[in-house]
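The values are calculated or read from the model by the stated rules, or taken from the named source; none is laboratory data. Please read all numbers here as calculations on a predicted model, not as lab measurements. Please note: Cβ atoms are built from the backbone with ideal geometry, for glycine as well, and neighbour counts cover all protein chains shown. Each accessible area value is taken on the protein alone, full model and side chains, heavy atoms only, with ligands, DNA and RNA left out. Shrake-Rupley method; radii C 1.70, N 1.55, O 1.52, S 1.80 Å.
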Amino acid sequence: MQETIKNRIPIHVDLAPNRDEVYSGICLKSNDNIFIFICFNDETKEFDGFAIIRNFEIEKYREWDEEELSEIKNNNYSEFIGKLPLEKMNNMFECLSELENEELIAVFTEADDDSYFVGQIKNLTENEAELKLMNEDAEWIENKKINIAEITYIGFRTSIEKELLNKNVLQHRV
């Protein structure tokens, strides 16, 4: 994996049998606790934001083949290099600490693979993150406390979060 990270080779990360998910992108950091990567958006065929996965969820990964590499329309991964303090991001709590000032993050938990929470970190302890949630209509709703040990995935700075933020800003201008 370290050679793949060093050479910034796009990979597919398979979470089966734990979860029925395959994520694609470029890995920036992998240790016993977490896996941080630049996400690849299959629809736009370009790199789009970041994600953090608990490393023990990952059963296997594979590097992209030539055909998959040729599908990249806009090889914009360099826009994401050097944007995170990777040396300070060694476990989920440390990652969340570094994301406290993010406008929006998306969080999946063990309890439900299909739905997720989008919000802003309002309070953080070593065991729990409290998010001010935003709904799909970009309206701020209630706060939700999430046990950090139950978080399986954190996404941020992707087109999904950006779109919600823009929609929220436009609502407040009207």
Practice task
Find, to one decimal place in angstroms, the Kirkwood hydrodynamic radius of the range 35-75, where the mean of 1/r is taken over every pair of different Cα atoms and then inverted.
Solution key: 11.6 Å
Fill in the blank from the handout: Counting only residues 5 or more apart in sequence or on a different chain, those whose built amide H sits under 5 Å from that of LEU28 are ILE36, PHE37, ILE38
Fill in the blank from the handout: Here the tail fraction of P(r) beyond 17 Å, over all Cα-Cα pairs of the range 134-173, rounds in percent to 45 percent
Handout entry: Cβ-placed point charges (K, R +1; D, E -1), dipole of the chain about Cα centre in debye, nearest 20
Key = 660 debye
Problem - C-alpha long axis of helix 159-173 to longest principal axis of the chain, angle in ° - result: 30 degrees
Completion exercise
Of the convex hull drawn through the C-alpha atoms of the chain, the volume per residue in Å³ is 125 Å³
Practice task
May I ask which residue of MET92, ALA149, ASN41 lies farthest towards the positive end of the charge dipole of the chain, with charges of +1 (Lys, Arg) and -1 (Asp, Glu) on Cβ and the Cα centre as origin?
Solution key: MET92
Problem - Per residue value of the accessible surface for the range 1-82 (all protein chains in place, 1.4 Å probe), Å² - result: 54 Å²
Exercise for the section: Take the chain, connect every pair of alpha-carbon atoms lying under 10 Å apart with a spring to form a Gaussian network, then pick out the residue of CYS95, CYS39, CYS27 with the largest mean-square fluctuation. Expected result: CYS95
Exercise for the section: When you have a sec, figure out the Kirkwood radius of the range 27-125 from all distinct Cα pair distances and drop it here in Å to one decimal? Expected result: 15.1 Å
Completion exercise
HN-Hα couplings for the range 99-112 via Karplus (6.51, -1.76, 1.60; θ = phi - 60°), in whole Hz with x for Gly/Pro, come out as 9, 4, 9, 5, 5, 8, 10, 10, 10, 9, 10, 4, 5, 8
Handout entry: Residue with peak Gaussian network fluctuation, the chain [Cα springs, cutoff 10 Å], from GLU87, GLU57, GLU126
Key = GLU87
Fill in the blank from the handout: Over the chain, the sum of -39500 (n - 2.57) across DSSP H runs of at least four, divided by residue number and rounded to 500 deg cm²/dmol, gives at 222 nm -5000 deg cm²/dmol
Problem - Given charges at Cβ of Lys, Arg, Asp, Glu: the chain dipole, positive-most of ASN127, PRO10, ASN168 - result: ASN168
Handout entry: Accessible carbon and sulfur surface of the chain relative to its total accessible area, %, 1.4 Å
Key = 43 percent
